[in-house]
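The values are calculated or read from the model by the stated rules, or taken from the named source; none is laboratory data. Just so it is clear, the structure is predicted and the values come from calculations on it, not from any experiment. Glycine also receives a Cβ, built like all others from the backbone with ideal geometry; neighbour counts cover every protein chain displayed.
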Amino acid sequence: MKRHLKIWLLISLLLPAITLLADKRKEFIRKYKHIAIREMERTGIPASITLAQGILESGCGESELAVNANNHFGIKCHETWTGDTYTMDDDEKNECFRKYKTIEQSWIDHSEFLLSRPRYAGLFDLPCTDYKAWAKGLKAAGYATNPQYADMLIKIIEEEELYKYDHPLSSYDKHKPVIANEDIEEKTTSLVSSSQTNYRNREEMRNGILCIATTPEDSFQKIASYYGIRLSKLLQYNDKTEDALDPGQLVYLKKKKSKAARGYEFHRVKAGDTMYSISQQYGVRLKNLCRFNYLPADSPLTEGEKIYLRKQADLL
């Protein structure tokens, strides 16, 4: 009887921790599955593998490296890295890790890391639906020193049913470019300058919404056609009534949010800012931004003033 009581007490103590871990995994998957799928379509790396690696290596996005350097995959600097860095103890003291401006850059660079290393080349001959072969192949190629690494990935994939995000790719979809490790911004610039427009290489997330960083050659019509979205709908998502892109503006592929993400309470106006440019920068609907600040959309702004992003400004 006492033995059963001890087992019950142990289970009751462990259950909250297990539930919390499961919730953290699901939240991580919800946030980043779109990037994993997008990278799979671009490179052929299974979305299930990338998601499982991210969960394992970043502690569901809560590791020191993930929080302080936006680095979800523990990629170290290596000799060719020219971007920002973050130093912390790992296998040795004060090791150099890559630091990214956004989490999305970390995921893109993870793909490029695998693509650019000859020892991983054989993996890209595997179908992206064979997550077990990919997991074992990564371990065999020396991706991780833990002898259980492949089993750990497979376990996460099967527990969270990540394989449902994998799907066969045609030879047209699957690319195997070899790009040297360098600052991720330089790689992005190189991709953008390609003669064939591929908007997927310029996708990013703002306020939880997928958007495109545009160039002077772009138009709403081109982007709408690429993604199969009605032009009128795309203009509506971006608070526009005609196909006229502002220089360097972001184009959102879904409706913007009613307020900015947590942590962005207000924006301090800089030279050239408008209510519209601020709404695009933070992914907030223009009408909401105007309501928060008791201002019309065409109101001139004063450099240094606060524009509230999440709630109405207090009236004096």
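Restricting attention to the stretch 76-93, does a residue exist that is part of a loop (DSSP other than H, G, I, E, B), closer than 23 Å to LYS26 by Cα and without any contact (Cβ under 8 Å) to a residue 60 or more places away in the chain? Explain how you work it out, then say what you get.
Initial filter on the stretch 76-93 (part of a loop (DSSP other than H, G, I, E, B)): 77-84, 89-93.
Checking which are closer than 23 Å to LYS26 by Cα leaves us with none.
Checked against the condition, which is being part of a loop (DSSP other than H, G, I, E, B), closer than 23 Å to LYS26 by Cα and without any contact (Cβ under 8 Å) to a residue 60 or more places away in the chain, the stretch 76-93 yields no hits at all.
Filter the stretch 234-284 for residues that are closer than 17 Å to PRO216 by Cβ and in contact with a helix residue (DSSP H, G or I) (Cβ under 6 Å, 6 or more places away or on another chain); which is surrounded by the fewest Cβ atoms within 10 Å (Cβ to Cβ)?
Selected residue: ASP243.
Need pairs with beta-carbon distance below 8 Å; first residue surrounded by 16 or more Cβ atoms within 10 Å (Cβ to Cβ) and within the stretch 141-165, second assigned to a loop (DSSP other than H, G, I, E, B) and β-branched (Val, Ile, Thr); sequence gap 6+ or separate chains.
Sorted first by the residue in the stretch 141-165, then by its partner, the pairs are TYR163/THR129.
Among the residues of the stretch 204-244, write down those that are of a type in the set (A, V, I, L, M) and assigned to a strand (DSSP E or B).
MET205, ILE209, LEU210, ILE212, ALA213
What do you reckon, is THR80 modelled with pLDDT of 90 or more, polar (S, T, N, Q) and out of contact with any Phe, Trp or Tyr (no Cβ under 7 Å at 6 or more places or on another chain)? Outline the logic, then answer.
Details: modelled with pLDDT of 90 or more: no; polar (S, T, N, Q): yes; out of contact with any Phe, Trp or Tyr (no Cβ under 7 Å at 6 or more places or on another chain): yes.
For THR80, the condition - modelled with pLDDT of 90 or more, polar (S, T, N, Q) and out of contact with any Phe, Trp or Tyr (no Cβ under 7 Å at 6 or more places or on another chain) - is not met.
Conditions tested, residue by residue: (1) touching a residue at least 40 places away in the same chain (Cβ under 8 Å); (2) in the same structural domain as GLU303 (by TED's automatic domain parsing); (3) aromatic (Phe, Trp, Tyr).
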residue: ARG206; (1), (2), (3): yes, no, no
residue: LEU210; (1), (2), (3): yes, no, no
residue: ILE223; (1), (2), (3): no, no, no
residue: ARG230; (1), (2), (3): no, no, no
residue: ASN238; (1), (2), (3): yes, no, no
residue: ASP243; (1), (2), (3): no, no, no
residue: TYR276; (1), (2), (3): no, yes, yes
residue: GLY283; (1), (2), (3): yes, yes, no
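Here are some residues: ALA22, ALA52, ALA66. Which one is under 30 Å from GLU203 (Cα atoms), in a helix (DSSP H, G or I) and either β-branched (Val, Ile, Thr) or modelled with pLDDT under 85 (or both)? Explain how you work it out, then say what you get.
Working: ALA52 fails: either β-branched (Val, Ile, Thr) or modelled with pLDDT under 85 (or both); ALA66 fails: either β-branched (Val, Ile, Thr) or modelled with pLDDT under 85 (or both).
Just a single option satisfies the conditions, and that option is ALA22.
Enumerate the pairs (first residue in the stretch 302-316 and on the phi < 0 side of the Ramachandran plot; second residue anywhere and part of a loop (DSSP other than H, G, I, E, B) and exposed (fewer than 10 other Cβ atoms within 10 Å of the Cβ)) with beta-carbon separation below 6 Å, excluding pairs fewer than 6 apart on the same chain, so at least 6 apart or on different chains.
From the stretch 302-316, the pairs are GLU303/ALA271.
Only one of (1) in a helix (DSSP H, G or I); (2) in contact with a Leu (Cβ under 9 Å, 6 or more places away or on another chain); (3) in contact (Cβ under 8 Å) with a residue 40 or more places away in the chain fails for PRO127. Which number is that?
Unmet for PRO127, out of (1) in a helix (DSSP H, G or I); (2) in contact with a Leu (Cβ under 9 Å, 6 or more places away or on another chain); (3) in contact (Cβ under 8 Å) with a residue 40 or more places away in the chain: (1).
What is the residue count in the stretch 296-311 for residues that are buried (at least 17 other Cβ atoms within 10 Å of the Cβ) and part of a loop (DSSP other than H, G, I, E, B)? Lay out the reasoning, then the answer.
Let us first name the residues in the stretch 296-311 that are buried (at least 17 other Cβ atoms within 10 Å of the Cβ), namely 301, 307-310.
Of the ones still in play, those that are also part of a loop (DSSP other than H, G, I, E, B) are 301, 309-310.
Qualifying residue count for the region: 3.
Limited to the stretch 121-145, what total is found for residues that are closer than 20 Å to LYS155 by Cβ and small (Gly, Ala, Ser)? Step through it out loud before you land on a result.
We begin by selecting, within the stretch 121-145, every residue closer than 20 Å to LYS155 by Cβ; these are 123, 126, 128-141, 143-145.
Next, only the ones that are small (Gly, Ala, Ser) stay: 133, 135, 137, 140-141, 144.
Looking only at that region, the number is 6.
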